[in-house]
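Shown next, in C-alpha cells, is the structure this report addresses.
The values are calculated or read from the model by the stated rules, or taken from the named source; none is laboratory data. Bear in mind that the values here come from a model prediction, so they are computed numbers and not experimental data. Neighbour counts are summed over all protein chains in view; Cβ atoms, including those assigned to glycine, are modelled from backbone coordinates with ideal geometry. With ligands, DNA and RNA removed, areas are computed over all heavy atoms of the protein, side chains included. Shrake-Rupley method; radii C 1.70, N 1.55, O 1.52, S 1.80 Å.
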Amino acid sequence: MTPPLKLILGTLSALALAHGAAASDLRERAQELFAPLPSTIPALNDNVITEDKIDLGKALFFDPRMSASGVFSCNSCHNLATGGDDNMETSIGHAWQKGPRNSPTVLNAVFNEAQFWDGRAADLAEQAKGPVQAGVEMANTPENVVATLMSMPQYIDWFTASFPEEENPVSFDNFAKAIEAYEATLITPSPFDAFLNGDDAALSDGQKAGLQLFIDKGCSSCHNGINLGGNGYYPFGLIEKPGADVLPPDDRGRFAVTETADDSYVFRAAPLRNIDQTAPYFHSGKVWDLKVAVQIMGTSQLGEEINDAEADQIVAFLGALTGKMPEVTYPVLPAETLLTPRPTGEVQ
C-alpha cells in the first residue's frame, strides 16, 4: 500500500530537520576551534596598507631583478598560478642550487603567527628579506636591491607615492613592507568559511564526515585557528618518528633558531588552507600524496592508524579548504636603465 503523501512529506521534513541539527552541532564544534577568513584585508603591524603600496608590492613580488641573477622573483617559489608555492620538493634558486626545505604557500600566510617552517621571521615583511639575501635563493644584498630600484625612475615614483612621509622612501625596509602589503591581499575564501558562517550546504556530507573525523582524531589540536595551522610549534614525530626520507636527520628545525635541545625536529604546524593544491608535503617535500600525508600524521603525531576510508574522508574535508584565488594580473614592470646593476650568476 502506498504511504499517504502527507506521511512522506512529514518523514522528509523530519530527516531534513535532523540533518540540519547535526550540521549545526558540527558547526558549533568547529567554531570553537577554527575561524573564518575576514572579508577585508587584515591590518599589519607598523605598516599601513594603501592601494599605492599594494601595487608597488605586487611589482616587486613579480620582479626577477630583485635577485642577483635577474632570474628569480618571489613568485618563482611562491607561484600564484600553482597554489602559492612551486610544487617542488625543495626550491631551486641562484645558480640552480637546491634549497633545504619545501616552499610554503604564500596564500593566506598573513594569518600565520610567524613565517618559515621554523618560525624565524615574525611577519611577512621580515620574511620577504630572507630569500632575497639567501645564497641558495635570490643571492642578493640589500644595497644591490636599493641600487637596482634607484636606477629606475618609475620605481622611485612608486616608492614616493607609497611612503609619502619619508625623506628617503626607497629602502630595503620599505621594499619588504610593500611586499608584505601585497601578500596580505592574497586571501582565498573557501567553502569551509561559508560553512562556519552558517551555510549548511557549503560542505558535502563526505566533507562534513571528514571534518568530524579531523576533530575527533585530534588533528585540530595542532591545525586550528583561522589558517588551520601556522600558529604553533610541534615535534615532528611526537609519538613515532617517521623515516629519514620524510624527516631528514640533518634538518633539526626550530633548534637552528633557538639552539634549545627541546626544539630539535620541532616545526611550525603547517597551515592547511589550499593544501590539496600544494603537493609535495612536509618541510622535506618528500610526500606527494595528501592521503599518505594524512596517514603519516596519524601515526607520527597522534599515535593512531588512520585507515583508508577515514583518510579519504579527511582528504575530502581538506578539499573544502581550497578557496577562490584573488584575480592576479601580471604587472608591467619599470624598464632598467644604464645604471641598473648587471645580473650575475656567480656563487659567493
- Counting only residues 5 or more places away or on other chains, whose amide H sits under 5 Å from the amide H of GLY225 once H atoms are built in the peptide plane? PHE34, ALA35
- Quick one: pull the percent of accessible area on the chain belonging to carbon and sulfur, 1.4 Å probe, ligands and nucleic acids left out. 56
- Considering only protein heavy atoms, with the full assembly of protein chains and a 1.4 angstrom probe, order ASP200, ASP193, ASP308 by accessible area, largest first. ASP308, ASP200, ASP193
- Message: Once R0 is set to 35 Å, what does the formula 1/(1 + (r/R0)^6) return for the Cβ-Cβ distance between VAL332 and ASN168, expressed as a FRET efficiency to the nearest 0.05?
- Response: 0.85
- Message: Under the rule of at least 5 residues apart or a separate chain, name every residue whose amide H is placed under 5 Å from the amide H of GLY253.
- Response: TYR265
- When the chain is modelled as a GNM with alpha-carbon springs shorter than 10 Å, which of ASN45, ASN140, ASN87 fluctuates the most? ASN45
- Message: Give me the net charge for the shell around ILE226: Cβ to Cβ below 15 angstrom, other residues only, Lys and Arg +1, Asp and Glu -1.
- Response: -1
- By accessible area with a 1.4 Å probe, ligands and nucleic acids excluded, highest first: order of LYS241, LYS286, LYS58: LYS241, LYS286, LYS58
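Once Rh for region 216-295 is found with the Kirkwood sum over Cα pairs, what is the Stokes-Einstein diffusion coefficient at 37 °C and 0.692 mPa s, in µm²/s?
Approximately 246 µm²/s, per Stokes-Einstein.
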- Message: For region 163-198, which GluC sites (Glu not before Pro) pass both filters: DSSP loop (anything but H, G, I, E, B) and at most 12 other C-beta atoms within 10 Å?
- Response: GLU165, GLU167
- Would you please give the FRET efficiency between ALA147 and ALA122, computed as 1/(1 + (r/R0)^6) with r the Cβ-Cβ distance and R0 = 25 Å, to the nearest 0.05? 0.40
- Phi-based couplings in Hz for region 69-75 (Karplus 6.51, -1.76, 1.60; Gly and Pro marked x): 7, x, 9, 9, 10, 4, 5
- Per residue, how many Å² of accessible area does the chain show with a 1.4 Å probe? 47
- Helix by helix through the chain, keep the DSSP H runs that span 30 Å or more along the axis on Cα and average at least -0.5 on Kyte-Doolittle, and give those back in order. 5-33
- Under the Kirkwood approximation for Rh and a Cα-based Rg, what ratio Rg/Rh is obtained for region 195-348? 1.10
- Note on the structure: Taking every other residue with Cβ under 12 Å from the Cβ of GLU310 and scoring Lys and Arg +1, Asp and Glu -1, one gets -3
- Item | Within-15-Å neighbourhood charge of VAL347 [Cβ basis; K, R +1; D, E -1] | -1
- When the chain is treated as a Gaussian network with springs between alpha carbons less than 10 Å apart, the largest mean-square fluctuation among ALA201, ALA23, ALA293 is found at ALA201
- When all protein chains stay in place, what accessible area (Å², nearest 10, 1.4 Å probe) is found for VAL347? 90
- Pairs to check: LYS129/LYS324; LYS286/LYS324; LYS208/LYS291; LYS53/LYS129; LYS241/LYS291. Give those whose C-alpha atoms are more than 20 Å from each other in this structure. LYS129/LYS324; LYS286/LYS324
- Task: May I ask you to work out the translational diffusion coefficient for region 287-348 at 4 °C, viscosity 1.567 mPa s, via Stokes-Einstein with Rh from the Kirkwood sum over Cα pairs, reported in whole µm²/s?
- Result: 79
- Quick one: among ARG254, ARG101, ARG29, which has the greatest mean-square fluctuation in a GNM of the chain with alpha-carbon springs under 10 angstrom? ARG29
- Using 20 Å as the cut-off for backbone N distance, which residues of region 88-132 belong to the label zone defined by a point 7 Å from the Cα of ASN197 along Cα→Cβ? 107-112
- Query: Around LEU44, which amide H atoms from residues at least 5 apart in sequence, or from another chain, sit under 5 Å from its own amide H, with H modelled in the peptide plane?
  - Reply: ILE49
- Task: Please give the length that would be gained between LYS291 and ASP25 if that part of the chain were fully extended, namely 0.36 nm times their separation in residues minus their C-alpha to C-alpha distance (nm, one decimal).
- Result: 93.1 nm
